[in-house]
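Notes to accompany the following structure.
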Amino acid sequence: MKTIFNFFKKTLASIDWILVLAILPIVGAGLVTMNSFVATNTFFQRQMIWLIISFAVFFIFSAIDFKFLRRTSVIIWLFGISVGLLASLFVVGSVWKGANSWLSFGFFSFQPAEFVKIILIILLAKYFSRRYVEIKNIRHILVSGAYAGILFLLILVQPDFGSAIIIFLIWFGMVMVSGISKKHLTILGIIALSGVAFLWVAVFQDYQKDRILSFVHPLEDIQGAGYNAYQSTVTVGSGQLWGKGLGYGTQSRLRFLPEYQTDFIFAAYAEEWGFVGVIILFIFYGIVIWRILSNAMYGATNFEIFYGIGLSILLMSHLMIHVGMNIGLLPVTGITVPFMSYGGSHLLVTFAGLGILMGMRRYSRATHKSVLKNEFFGV
């Protein structure tokens with residue numbers, strides 16, 4: 001009994017409670033937003049179930065020693081499973097909103113792309129941590145890009161453009177902090193842009209160009225492809241400074257705003273809580289990112305440090321793209337906002353990712369920050 005008590009005590013002590021407390025108001029904001037429009041809301045009820053399961057996964061993962069993730073054999077298996085799951089979608093996947101991106105098990109559906117995002121972070125953390133000394137060699141951009149590129153293409157052809165962009169941003173962000181030569185990265189970027197320009201001028205037909213332009217600038221066609229984006233910007237703007245109040249969001253209540261519980265939950269929240277509420281929400285997200293990076297910088301090895309940085313890039317990418325498409329600055333891609341949007345897959349994966357970070361925190365090192373900065377960034 002004493003051994004079990006000590007185990008739970010050690011596990012609870014390893015959890016960053018500031019991080020947990022910062023997540024709770026964000027979760028609450030999502031729940032009250034999706035529950036304020038109808039009397040009986042199945043989204044709210046299901047989300048509560050998923051949150052209970054997700055928090056359970058978070059605490060279970062916090063008790064696990066994740067040193068085994070450093071093993072090359074484990075990484076190979078995880079990457080193989082990721083490719084297998086994405087490939088299986090073309091055989092047994094379920095189509096939702098035109099994308100073949102779900103595996104359905106009757107009462108439960110799972111989106112493999114969410115799982116793959118965490119696997120990519122683990123893979124890149126392993127790759128860059130082992131090659132830290134020789135990281136400026138251009139081949140490490142190419143090799144790491146090939147790993148990410150395989151997952152990117154498998155997700156893109158579903159087609160799930162939003163998740164594919166997240167995969168790219170995870171790779172690009174981790175490359176930027178890994179110490180890889182920015183000159184080599186710039187050269188590759190110029191080559192890629194030149195290729196896109198060539199395709200635009202010499203390959204794409206006029207109808208293909210029109211489709212791309214309507215996707216990039218949806219507000220130019222507010223009666224067609226840009227309707228959702230237009231309604232979202234109207235919803236956000238109608239919140240003004242203080243918002244309309246909880247349950248008084250007319251754009252959402254009258255169903256002008258589509259998918260208020262998932263793709264456009266930020267707009268629904270902004271309408272009810274206004275600019276002030278949005279700033280408070282961003283403060284809590286800022287605390288979450290700060291705590292993730294703070295925990296990462298005390299990682300036992302570079303692998304743990306890279307993992308934490310990759311996790312923060314994942315959450316920031318989701319937040320920025322979701323907000324961007326809700327205010328009309330980015331195309332609508334169906335990206336969820338962490339902890340707020342309805343859905344089990346992204347909640348489970350996000351809390352599992354944080355649980356892994358807490359598990360790594362159990363064996364973190366109490367090294368002075370200046371020492372870590374010199375070791376990791378080479379200052």
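Quick notes on this one:
- You will find that of 288, 236, 332, 323, the residue that is outside any helix (DSSP H, G or I), among the hydrophobic types (A, V, I, L, M, F, W, C) and buried (at least 19 other Cβ atoms within 10 Å of the Cβ) is 332 and no other.
- First in the range 125-141 and over 23 Å from residue 311 (Cα atoms) and of a type in the set (A, V, I, L, M), second anywhere and in a loop (DSSP other than H, G, I, E, B) and at pLDDT 65 or above, Cβ under 9 Å, 6 or more apart: 138/180; 138/181
- Test: residue in the range 242-251 that is surrounded by 17 or more Cβ atoms within 10 Å (Cβ to Cβ), part of a loop (DSSP other than H, G, I, E, B) and modelled with pLDDT under 70: yes
- Test: residue in the range 168-182 that is of a type in the set (Val, Ile, Thr) and either in the same structural domain as residue 293 (by TED's automatic domain parsing) or farther than 20 Å from residue 316 by Cβ (or both): no
- Selection count where residues are surrounded by 23 or more Cβ atoms within 10 Å (Cβ to Cβ) and more than 13 Å from the chain's Cα centre (by Cα), scope the range 343-355: 1
- Residues satisfying the stated conditions in the range 61-84, i.e. in contact (Cβ under 8 Å) with a residue 40 or more places away in the chain, part of a helix (DSSP H, G or I) and surrounded by 14 or more Cβ atoms within 10 Å (Cβ to Cβ): 61, 62, 66, 67, 69, 70, 75, 78, 79, 82, 83
- Among the candidates 55, 110, the residue that is closer than 25 Å to residue 265 by Cβ and either among the polar types (S, T, N, Q) or not assigned by TED's automatic domain parsing to the domain that holds residue 142 (or both) is uniquely 55.
- Within the range 107-122, the set of residues being under 19 Å from the mean Cα position of the chain (by Cα) and over 14 Å from residue 66 (Cβ atoms) comprises 109, 110, 111, 112, 113, 114, 115, 116, 117, 120.
- Leading residue by the ranking (farthest from residue 248 (Cα to Cα)) among those in the range 274-310 that are aromatic (Phe, Trp, Tyr) and touching a residue at least 40 places away in the same chain (Cβ under 8 Å): 303
The values are calculated or read from the model by the stated rules, or taken from the named source; none is laboratory data. Note that the structure is a prediction, hence the values are computed from the model and not measured. Note that we place each Cβ from the backbone using ideal geometry, even for glycine, and neighbour counts take in every protein chain shown.
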